[in-house]
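*Asks:* Structure provided below as structure tokens; questions to follow.
The values are calculated or read from the model by the stated rules, or taken from the named source; none is laboratory data. The model shown is predicted, which means the values in this text are computed figures rather than measured ones. Here Cβ is always computed from backbone atoms with ideal geometry, including for glycine, and neighbour counts include all displayed protein chains. To get the accessible areas, we keep the full protein, side chains included, count just its heavy atoms, and leave off ligands, DNA and RNA. Shrake-Rupley method; radii C 1.70, N 1.55, O 1.52, S 1.80 Å.
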Amino acid sequence: MPLHKVVSPVPVLVPAVAELAVRVAARYAGSVSDVLRVAVPPRMAKLEKDLAPEGALDPSLFADDGAEAGASIPAGLEASGWTSYRNGRAFLQHLNAGESPRAVLNALQGYGPGGWPRLIAEAVAAVRLSGRGAVVVVPDHRDLDRVEAALLQHLPAGDIARLTADDGQTPRYRSFLRILSGAAGVAVGTRSAAYAPVHNLGLVVCWDDGDDLHIEQRSPYAHSREVLLLRAEQEGAACLLAGHTRSTETQRLVEAGWARPVEADRPVVRRNVPRVLNTADSYELEHDPLARIARLPGAAWRAAKEGLERGPVLVQVARAGYAPSLACENCREPARCPACSGPLAIAGATGSSAVPQCRWCSTPAAAWRCTTCNGVRLRRGATGALRTAEELGRAFPGKPVITSSGDRVLATVPDSKALVVATVGAEPVAAGGYAAALLLDGDSLLRRENLRAGRTPSGAGSTRRPWSAPRGRRPGGHHRGRRRRRGRPAALGPRRLRPAGTVPAPGTAAAPVRPGRVHYRRPDRRRAFQPGR
């Protein structure tokens, strides 16, 4: 097909990104055009007229975006937080020497000077000292803000480009042009930042690769981790996969010898991780028999009460809303919508007088009647974040309760004595860490219809104060709390990788299929069992 028109004089697709798009499309059985739709942001003609008047980008025109692009990069990495980790100092030295090491980091803390944003910023600063660029990919805008703030403490502002669709098309395309022209050497952003055309790429970083937000929502549904791994192999760049715990994929890279583990020694772990109390163990059940059925056992209530005397207390729940699932009071059958058979729920925090509505079609069900026993009374099958906040407000009168879930997700909370109720992944960061954290509904998290349901969330654990602080604790309700108590979240990786002595498959593939397009073929019984075959 002949080319009829060139809409832009600026070459927005460099050869390295074009080759990467071909590899990603081949790996995910997709088309190159779908990958390029993610890699290249929508064009803004006005920006090209201002920044490329002759058809070529001029890096000097981006000097007003902050500090000058040629500003010196500070080398103050002697007091780096990487020194607390085994192989951490060597990793920075290899980056500074222009080499390309590959590492998997198990970060201990999520706040303060030793938090993971500073560790990533120091790794990027080390690779910038060698004259190479870097790409940092995080799951969401909250992590992006934290990493960008940490990078600004080590690098000039003009050397950092932020790539995310949440900022709008014009700022995103301007940052893309800054990277394309070479004015910025560090690209930090969400999924699409993995394709940023950074000059002389030396390091790719992926934070929390186990987060589902790293999976592209459009075909071919590429994962940011896989894109960065392909790019590191293609351009010979260093690779850093960081997180509070290891996913199954990163554990496989470590066991295969492709990447080196960077983790703290046992004494350092014990000084930095909080004390973990499992309310489901035999000792707690012996002293509190009702802990098996209570949503907030006595040990958890005492931990929250003691923690409120020192600072904020985090309460993590499984679901958002008020009553996310309802059931019949008589027969315990799940309540379904009369219109579409969807699950009924109480969305608002108005108590038992609220009218249930369908979670699928939002149809109110004021005159609901059970189709099994003809009952008309409902009971809560699960308790959401809003209902939990209401109950905690009664249990701890006079203490403020802050919620972070659903459409209202907070990035930070003040370091004051308050209860913070949040869902998984929506935990705000406290400046000094949480005095205590309660992880409720552990069984509900493990019953999700997901093969990764056994991956216990550990983001809340990194925001709590360590053992050196007075009685920082995290009551849990599952046997996996034993490894959390020992401070060994990485030990879960080998168990997930080889359950029951089986050998892991090299990979899996998933393809979306429309209903009615799948045809089942009956097997030929005559050829199913043939002697000698």
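*Asks:* Which residue is nearest to residue 91 (Cα to Cα), if the candidates are limited to region 113-130 and must be open to solvent by 50 Å² or more (accessible area, probe 1.4 Å) and not basic (Lys, Arg)? Let's see the steps before the verdict.
*Replies:* Initially, region 113-130 is screened for residues open to solvent by 50 Å² or more (accessible area, probe 1.4 Å), giving 113, 118, 129.
Add one more test, that the residue is not basic (Lys, Arg), and what stays is 113, 129.
Numbers: 113: 19, 129: 14 Å.
Only one residue tops the list, namely 129.
*Asks:* Give region 156-184 a look and list any residue that's part of a loop (DSSP other than H, G, I, E, B) and either in contact with a Cys (Cβ under 7 Å, 6 or more places away or on another chain) or open to solvent by less than 10 Å² (accessible area, probe 1.4 Å) (or both), or say none.
*Replies:* So in region 156-184, the residues part of a loop (DSSP other than H, G, I, E, B) come out as 156, 164, 168, 182-184.
164, 183, 184 - these are the residues of region 156-184 that are part of a loop (DSSP other than H, G, I, E, B) and either in contact with a Cys (Cβ under 7 Å, 6 or more places away or on another chain) or open to solvent by less than 10 Å² (accessible area, probe 1.4 Å) (or both).
*Asks:* Could you list, ordered by first residue, the pairs with Cβ atoms under 8 Å in which the first is in region 32-56 and over 18 Å from residue 194 (Cβ atoms) and the second is open to solvent by 60 Å² or more (accessible area, probe 1.4 Å) and of a type in the set (Gly, Ala, Ser), at least 6 apart or interchain?
*Replies:* Qualifying pairs under 8 Å: none.
*Asks:* Considering only region 11-55, state which residues are open to solvent by 80 Å² or more (accessible area, probe 1.4 Å), in a loop (DSSP other than H, G, I, E, B) and at negative phi.
*Replies:* Within region 11-55, 11, 43, 53, 54 qualify.
*Asks:* So the check is Cβ under 6 Å with 6+ separation or different chains; which pairs have a first residue in region 188-199 that's open to solvent by 10 Å² or more (accessible area, probe 1.4 Å) and a second one that's in a loop (DSSP other than H, G, I, E, B)?
*Replies:* Note: pairs meeting the criteria are 190/164; 191/216; 199/182.
*Asks:* Related question: Report, by residue number, each residue of region 51-109 that is at pLDDT below 75 and aromatic (Phe, Trp, Tyr).
*Replies:* 62
*Asks:* Give the residue, chosen from 147, 198, that is aliphatic (A, V, I, L, M) and not in a helix (DSSP H, G or I). First the steps, then the outcome.
*Replies:* Details: 147 fails: not in a helix (DSSP H, G or I).
Being aliphatic (A, V, I, L, M) and not in a helix (DSSP H, G or I) holds for just one of 147, 198, which is 198.
*Asks:* Let me ask something additional. Of all residues in region 222-244, how many are under 20 Å from residue 118 (Cα atoms) and open to solvent by 10 Å² or more (accessible area, probe 1.4 Å)? Break it down stepwise before answering.
*Replies:* Initially, region 222-244 is screened for residues under 20 Å from residue 118 (Cα atoms), giving 238-244.
Those still in the list that are open to solvent by 10 Å² or more (accessible area, probe 1.4 Å) too: 244.
The number of residues fulfilling the criteria is 1.
*Asks:* Can you pull out the residues in region 137-174 that are free of Cβ contacts under 8 Å to residues at least 24 places away in the same chain and among the aliphatic types (A, V, I, L, M)? Walk me through it before giving the result.
*Replies:* Keep residues of region 137-174 that are free of Cβ contacts under 8 Å to residues at least 24 places away in the same chain, which gives 152, 167-168, 171.
Listed by number, the list holds a single entry, 152.
*Asks:* Hand me the list of helices (runs of 4 or more DSSP H) wholly inside region 202-312 holding 3 or more residues that are free of Cβ contacts under 8 Å to residues at least 24 places away in the same chain.
*Replies:* Of the helices (runs of 4 or more DSSP H) lying wholly inside region 202-312, those with at least 3 residues that are free of Cβ contacts under 8 Å to residues at least 24 places away in the same chain span 282-287.
*Asks:* Right, another one. From 387, 394, which residue is open to solvent by 90 Å² or more (accessible area, probe 1.4 Å), in a helix (DSSP H, G or I), at pLDDT 85 or above and out of contact with any Ser or Thr (no Cβ under 7 Å at 6 or more places or on another chain)? Even if it seems obvious, please write down each step before you answer.
*Replies:* Values: 387 fails: open to solvent by 90 Å² or more (accessible area, probe 1.4 Å).
Selected residue: 394, the only one of 387, 394 that is open to solvent by 90 Å² or more (accessible area, probe 1.4 Å), in a helix (DSSP H, G or I), at pLDDT 85 or above and out of contact with any Ser or Thr (no Cβ under 7 Å at 6 or more places or on another chain).
*Asks:* Would you check if there is a residue in region 408-424 being part of a loop (DSSP other than H, G, I, E, B), touching a Ser or Thr at 6+ places or on another chain (Cβ under 6 Å) and either open to solvent by 60 Å² or more (accessible area, probe 1.4 Å) or more than 23 Å from residue 331 (Cβ to Cβ) (or both)? If you could, list the steps in order and put the result at the bottom.
*Replies:* Initial filter on region 408-424 (part of a loop (DSSP other than H, G, I, E, B)): 409-411, 414-418, 424.
With touching a Ser or Thr at 6+ places or on another chain (Cβ under 6 Å) added as a condition, the list becomes 410.
With the extra rule that they be either open to solvent by 60 Å² or more (accessible area, probe 1.4 Å) or more than 23 Å from residue 331 (Cβ to Cβ) (or both), the set shrinks to 410.
Yes, some residue in region 408-424 is part of a loop (DSSP other than H, G, I, E, B), touching a Ser or Thr at 6+ places or on another chain (Cβ under 6 Å) and either open to solvent by 60 Å² or more (accessible area, probe 1.4 Å) or more than 23 Å from residue 331 (Cβ to Cβ) (or both).
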